[in-house]
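Heads up, the thing below is written out as C-alpha cells.
The values are calculated or read from the model by the stated rules, or taken from the named source; none is laboratory data. Here the structure is a predicted model, which means the values were calculated and not measured. Cβ coordinates were reconstructed from backbone atoms using ideal geometry, including for glycine residues, and neighbour counts include every protein chain displayed. What goes into the accessible areas is simple: the full protein's heavy atoms, side chains included, and nothing from ligands, DNA or RNA. Shrake-Rupley method; radii C 1.70, N 1.55, O 1.52, S 1.80 Å.
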Amino acid sequence: MPDLRKISYQKAQAWRDTSLPEDLAQELKSLWDQEEEIIERFYTDIDFGTGGLRAKMGVGSCRMNVLTLSHITRGLARYLLKKNPSPQVVISYDSRFQSSDFARTTAAVLEDEGVRAHLFEALRPTPMLSWALRYHKAQAGVMITASHNPKDYNGYKVYNERGALMSGEEAKNLLEELGKGDLLQGVSPEVLAKADTCARVEKSADQRYLQCLDECLSKHGIPRRAKDSSPIRVVYTALHGTGGTLVPKWLRTRNIEVHEVAEQATPDGEFPTVISPNPEEEEALSYGIQQAIALKADLVLASDPDADRMGVALREGKGYRILNGNQIAVILLYFLLSKKEEQQNISPQNFIVKTIVTTPLMEVIAREFGILCHNTLTGFKYIASLIEAHGAENFLMGAEESHGYLIGGEVSRDKDGVQACALMAEACAWAQGQNKTLWSLLLEIYQRFGLHKDRLIVLSMDGKAGRDKRQRIMQVFRNQPLGDLLGSRVEEKIDYLKPTANIPQADVLQFRTQDHLLVSLRPSGTEPKIKFYLNSQKTLSSQEDPGQEHLKSLEEDLEKRMDKVEKNLRAFIEKL
C-alpha cells in the first residue's frame, strides 16, 4: 500500500516551495499541521469525470485553483494544436465564486500557447456555449461551472468541435497531454494580461441563439404562440445562476407570462437562498412555489446555475407537485410526439436517446409512436455520440433522469435548460387547450402506457475513504447474490464492465427482478456519491379500471415496494 501521508506531504511541499498566489499560499500554510486535510487535498491529482472536471475550490492538486486550471488549459492547447495549426476555443462561465477569474485565466493561457480564445463578456448558460462554438466554427469550448454542486465547488467542462462534451477517447488523448506538463507552472502576470487581448463573444449572440431555438421548436411542430392565445402564467427562478440572462426574455417572446423570483434572480456564488442550487430538490423550488401560490401560476420552472438542467412544479388542486426528472421527460416526449403526429410529421427513422438509468416508459412511448429509442450510459456526451451516429436530422429528443433534456440536433449537443423551459411551458398550454392540467396529462400517459414509479437513492461518500467505500460497494454488488435484498428473484443482471452491444463499458450494474423491479447502481462521475436508481412498473390490463383512484392505489403499492427495497439497501450498505 502506498504511504499516502508521505506522498501527500511531498506534493504539498513542492507546492509550498513554488511561487503560489498569496491566497493559496496562506491557505496551505494554515493547513500544514492538519494531516488529514493535507492528504485529502494532495493524495491524487484532479481528474476527468462524466462531464469534465469538478472539485472543491482551494489549494491542492485535487482542488480547483489557478494552478490546476492552467495545467489543464495548457494540456488542452497542446491537444488542439496537434490537430489544427490555428485552433479556436470559446469560453463561458457561470455565477460561482472565481468563475469569471477562472474564465479569464483560461483565455490568457490559451492565448499564451497560441490558441485563439473567444471569451463571453458576461456569464452565459452552458447550452449557449455548445451553440456558440459551433457558430464560430471553433475546435473546442470551455465552460467554467460546477453545475448544481454546492457553493464550494467549481469545474471545467470541455466541449469538442461538435458542441458535445469530450468523448472518452478525446479525454484520454487530452489526459496524455496533461501528463507532459508541469502542474506547478502557474500563470504569471504577463500571461494573465493576455486575457485583455482575446476575442469577445458579442452580446448580439443572445438573439442569434434564441432565434435558433425558435427555429428548432418550429421545425418540430411547436411554433411561437399567438399573442391572443390562452394565457399561461409561469414563475421562473434562475437559482442565482445564468438562466436569468435568457430564459425570461425568451419565454416572453413566445407570449408566455413570466414572473421571476426576485430573491433568486441575481447571479450570486453564495447561493444565499438555497442549501444547494439543485432544481431536482424541493427545497430549491420553495421560493418559486410560494410565489406561484400567491399568483395562482400554472407552472414553476427552475434552472441550475449553468442552466443546462430544469426543475418543474405543477399546479395540482390548491397546491403544487414537484416532478422528478423521469416524469418531466415523459411529459416532454409525449407532447413532442403528439404535436408531430398531429402534423403527420413522424418518420420511422426518427429516434430518441435516453440513458440506461432513465425511465423505461420513454421506450414504451417511442415504440407506440413508431420511432426508435436508443439507450446509452449516463452523461450527455454519450447521447451526443448517438446523435452523430444515427443522424442529427432524425433526432427528436435526448433525456437524462437528472433533469437534462434536448430537443432536436440543430442548436446544441448538450442538455439545454433554456430550451426545456420553453417546451414545458408550451406543453402546459397544449394541455390547457384540451381542458387538462399537466398532472392529469401525466396520469393519462400512465393509463395508456403503464404506470411507472421511479426513485433515486444518493449516498454521499467524500474523500479517499469515500472513494474506497464506493469501490467496495460496487465489488460486493457485482459478486454477491441479491435476491433477498431486493425482495424478489433476480432474473437478469447486466454488468456494463463487460462488453455490451452498442453501449461503452462502464462501472454500472443493473438488476431486473421477477416482480418487474429494475435496480441500477453507479458511482457518480462528477460527485463523491454512489447512486441507486429504482424503477417499479405495472402495466394496466384492458379489464382494469383506469380511474384515478385505482391508479392511486397501484401507485401506493409500487411506492411500498420501493420503500422496502430502499430500507434493505441502506441497512446492507451501512454494514459494509
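Odds and ends about this structure:
- Residue count, the stretch 392-425 (criterion: open to solvent by 10 Å² or more (accessible area, probe 1.4 Å) and more than 15 Å from the chain's Cα centre (by Cα)): 4
- Checking G52, G58 one by one, the residue that is within 22 Å of the chain's Cα centre (by Cα), under 30 Å from A238 (Cβ atoms) and either open to solvent by less than 60 Å² (accessible area, probe 1.4 Å) or not charged (D, E, K, R) (or both) is G52 and no other.
- Filter result for S536 (open to solvent by less than 30 Å² (accessible area, probe 1.4 Å), modelled with pLDDT of 90 or more and either more than 30 Å from D47 (Cα to Cα) or outside any helix (DSSP H, G or I) (or both)): yes
- Counting only strands (runs of 3 or more DSSP E) wholly contained in the stretch 253-372, the ones carrying 3 or more residues that are touching a residue at least 40 places away in the same chain (Cβ under 8 Å) and closer than 19 Å to I383 by Cβ occupy 351-355.
- Note on the stretch 224-249: among residues that are modelled with pLDDT under 95 and hydrophobic (A, V, I, L, M, F, W, C), the one that is farthest from Q432 (Cα to Cα) is A226.
- Scan of the stretch 213-236 for residues that are surrounded by fewer than 17 Cβ atoms within 10 Å (Cβ to Cβ) and either over 27 Å from the mean Cα position of the chain (by Cα) or of a type outside the set (S, T, Y) (or both), ordered by number: E215, K219, P223, R224, A226, K227, D228, S229, S230, P231
- Index of the failed condition, D468 passing every other in (1) more than 18 Å from the chain's Cα centre (by Cα); (2) in contact (Cβ under 8 Å) with a residue 12 or more places away in the chain: (2)
- Annotation: E22 fulfils all but one of (1) of a type outside the set (S, T, N, Q); (2) closer than 24 Å to D101 by Cβ; (3) surrounded by 15 or more Cβ atoms within 10 Å (Cβ to Cβ); the unmet one is (3).
- Residue match in the stretch 492-508 (condition: more than 30 Å from E37 (Cβ to Cβ) and of a type in the set (K, R)): yes
- Selection status of D33, part of a loop (DSSP other than H, G, I, E, B), surrounded by fewer than 20 Cβ atoms within 10 Å (Cβ to Cβ) and either touching a strand residue (DSSP E or B) at 6+ places or on another chain (Cβ under 6 Å) or free of Cβ contacts under 8 Å to residues at least 24 places away in the same chain (or both): yes
- Among the residues of this structure, S440 counts as one that is closer than 30 Å to R252 by Cβ and either part of a helix (DSSP H, G or I) or modelled with pLDDT of 95 or more (or both).
- Yes/no for E341 being within 23 Å of W250 (Cα to Cα) and surrounded by fewer than 24 Cβ atoms within 10 Å (Cβ to Cβ): no
- Filter result (within 25 Å of F380 (Cβ to Cβ) and not hydrophobic (A, V, I, L, M, F, W, C)) within the stretch 51-62: G51, G52, R54, K56
- Answer residue from the stretch 75-89, given it is farther than 8 Å from V115 by Cα and over 26 Å from the mean Cα position of the chain (by Cα) and is surrounded by the most Cβ atoms within 10 Å (Cβ to Cβ) among those: R78
- Which numbered condition T500 fails, given (1) in contact with a Lys or Arg (Cβ under 9 Å, 6 or more places away or on another chain); (2) farther than 15 Å from I457 by Cβ; (3) among the hydroxyl-bearing types (S, T, Y): (1)
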